[in-house]
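As structure tokens, the structure follows; a few thoughts come after it.
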Amino acid sequence: MTDSIALENKYELSLYPKRGINIVKGKNATLWDSEGKEYIDCVGGIGVASVGHCNEYVAKAIAVQAQILITCPCIFHNDVRALLLEKLVNITPAGVTRAFLCNSGTESIEAAIKFARYSTKMTDFICAVRGFHGRTMGSLSATYNPKYRAGYEPFVPGFYFVPFNDFEKLKEKISDNTAGVILEIVQGEGGIHVGDKEYFRKVQELCSDSGILLIIDEVQTGFCRTGKMFACNHFDIEPDILCLAKAIAGGFPMGAVLCSAKIDLPAGKHGSTNGGNPLACAAALAAIDYMLEFKLDKQAADKGAYFIDLMKKRPLDKIREIRNLGLMIGIELKEENKPYIQKLMEKGVLVMPAGPNVLRMLPPLTIEYEQIDRVVEALSEIL
Ligand SMILES: Cc1ncc(COP(=O)(O)O)c(C=O)c1O
């Protein structure tokens, strides 16, 4: 039998802190490794597998579209892409009316930065302490954590950081050169910190009064994760630019940038070879249809509340705080998370870190209640 672990260790750049298990199969919220061991997946492809692994709608749409047309650059019109664009505009907050399609979250942020600079003729961006927006040079320039930045200087100029949820500090940083404010509604990588409704109301007002673009990064929070189709919907936020990716296409790589009428660029000013390919569009259409039909927004809200309720009934020594919005969950520990991630894995539960002491959980929104019970049981045993 092929030793996949040895092959990856030999041939892949060692960029990822590997877990030492070889995942070979998935269904809904369950994953299996090559030894046949079963896991409850609270990593969910890092927030990608919201409709569940190998979702039947998505798998069928990919199989069917793969026999019709896989690639078709955006210089040509395409039937499936047209339907997806219409659907995206229909389900996103009012105010965004057109979209650019790409292949990942970081690409959606790169595009947003370029669109904002071009449309406003301004150069600068206000970003949040603990914010995460991706790993390419533009999105990394908007990302706070020194761990991700060190060694990659110099960054794109014009990015300034202010504390999250502190409106006065943000306002102080605004200048005549500010093109946009880039924020997550719930900081994911930063440790699951939920934005304040009042803070976002004021930021929205400030941006619209001063002609600054409000750029909301819903790469991780989008598509029902937080209990609404978009986290913006919790606070009635209408962004000028909305960045999406991760769960958009049920596991197929895709990103999207939804734009208001304030964004207008002439042909040729930005583009992507694979962005908007019919295969990804078919997968996204199927994933979104599934989310709507099975009310994954409500499922995320109900299951998130169920999890928190169970955890509250068992106060655990090693937990400092639990934060969540829907099924975007962070358990802050009083100590380092690493050994606990390992112990959970041994018990058949996969979770991931957010910083040094938070256990982050982004399970498929289709996870079963009985699986949530088992996750809580495992957490209780180790914490
Ligand atoms: C909020 C946010 N923005 C952007 C990104 C980057 O997305 P990708 O890894 O698809 O480039 C991530 C990834 O975790 C994210 O959480």
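Hey, among Lys312, Lys246, which residue is of a type outside the set (A, V, I, L, M) and surrounded by fewer than 21 Cβ atoms within 10 Å (Cβ to Cβ)?
After ruling out the rest, the residue left standing is Lys312.
Note on region 37-84: among residues that are among the small types (Gly, Ala, Ser) and free of Cβ contacts under 8 Å to residues at least 24 places away in the same chain, the one that is surrounded by the most Cβ atoms within 10 Å (Cβ to Cβ) is Ala59.
This table checks each residue for (1) touching a residue at least 60 places away in the same chain (Cβ under 8 Å); (2) farther than 19 Å from Lys37 by Cα.
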residue	(1), (2)
Glu332	yes, yes
Lys338	no, yes
Met345	yes, no
Thr366	yes, yes
Tyr369	yes, yes
Val375	yes, no
Leu383	yes, yes
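Between Ile237, Ile212, Ile263, which is within 19 Å of the chain's Cα centre (by Cα) and either more than 13 Å from the ligand (Cβ to nearest atom) or among the hydrophobic types (A, V, I, L, M, F, W, C) (or both)? Going through Ile237, Ile212, Ile263 in turn, just one is within 19 Å of the chain's Cα centre (by Cα) and either more than 13 Å from the ligand (Cβ to nearest atom) or among the hydrophobic types (A, V, I, L, M, F, W, C) (or both): Ile237. Of the strands (runs of 3 or more DSSP E) lying entirely inside region 200-314, those carrying at least 2 residues that are touching a residue at least 60 places away in the same chain (Cβ under 8 Å) and more than 15 Å from Val181 (Cβ to Cβ) are 255-260. Candidates in region 92-132 are the residues that are surrounded by fewer than 18 Cβ atoms within 10 Å (Cβ to Cβ) and of a type in the set (A, V, I, L, M, F, W, C); of these, the one that is nearest to the ligand (Cβ to nearest atom) is Val129. Take the conditions (1) outside the structural domain of Leu362 (by TED's automatic domain parsing); (2) in contact with a strand residue (DSSP E or B) (Cβ under 7 Å, 6 or more places away or on another chain); (3) surrounded by fewer than 21 Cβ atoms within 10 Å (Cβ to Cβ); (4) not in a strand (DSSP E or B); Leu88 misses just one of them, which is (3). Would region 315-335 turn up any residue that is over 20 Å from Gly191 (Cα atoms) and among the basic types (Lys, Arg)? Checking region 315-335: not a single residue is over 20 Å from Gly191 (Cα atoms) and among the basic types (Lys, Arg). Any residue in region 3-16 that is surrounded by 12 or more Cβ atoms within 10 Å (Cβ to Cβ), under 25 Å from Gln220 (Cβ atoms) and not aliphatic (A, V, I, L, M)? No, region 3-16 contains no residue that is surrounded by 12 or more Cβ atoms within 10 Å (Cβ to Cβ), under 25 Å from Gln220 (Cβ atoms) and not aliphatic (A, V, I, L, M). Of the residues making up region 135-165, those that are part of a loop (DSSP other than H, G, I, E, B) and either basic (Lys, Arg) or in contact with a helix residue (DSSP H, G or I) (Cβ under 6 Å, 6 or more places away or on another chain) (or both) number 6.
The values are calculated or read from the model by the stated rules, or taken from the named source; none is laboratory data. The model shown is predicted, which means the values in this text are computed figures rather than measured ones. Neighbour counts run over all protein chains shown; Cβ positions are idealised from the backbone, glycine included.
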